[in-house]
Amino acid sequence: MGKKIREKIKEYFMDDNKIETVNFDGLEYKIEDLTPRTLEGFNMLVKLQQEIAKVSYELRINQAAQKQISEELKVAIREDKIKHVEKEKE
């Protein structure tokens, strides 16, 4: 990782969010002590956590929409008097 990228990642953790340490696996680490490889790893984890939160949010929205549409479909079937198929007895 280039020096510019490393500095940008440090700025992200230290300047923008006023973070001086990170907690990982129950232990605290100073941002200034992290190597380029570990900085990149923490940056990846932060991005993944943000992506997971986004996907989780979208899933909840889709589940709510699915529930609403299912309820509307039940009403439409009932109002349109559509009969279900009777199962044959064996």
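Quick notes on this one:
- Remark: Lys83 matches the filter, which requires a residue to be modelled with pLDDT of 90 or more, loosely packed, with under 10 Cβ neighbours inside 10 Å and not in a strand (DSSP E or B).
- Number of positions in segment 13-41 that are in contact with a helix residue (DSSP H, G or I) (Cβ under 7 Å, 6 or more places away or on another chain) and modelled with pLDDT under 70: 2
- Residue within segment 30-42 that is touching a strand residue (DSSP E or B) at 6+ places or on another chain (Cβ under 6 Å) and either farther than 17 Å from Ile19 by Cβ or not in a helix (DSSP H, G or I) (or both) present: yes
The values are calculated or read from the model by the stated rules, or taken from the named source; none is laboratory data. All of these numbers come straight from a predicted model, not from anything done at the bench. Every residue, glycine among them, receives a Cβ derived from its backbone with ideal geometry; neighbour counts consider all protein chains shown.
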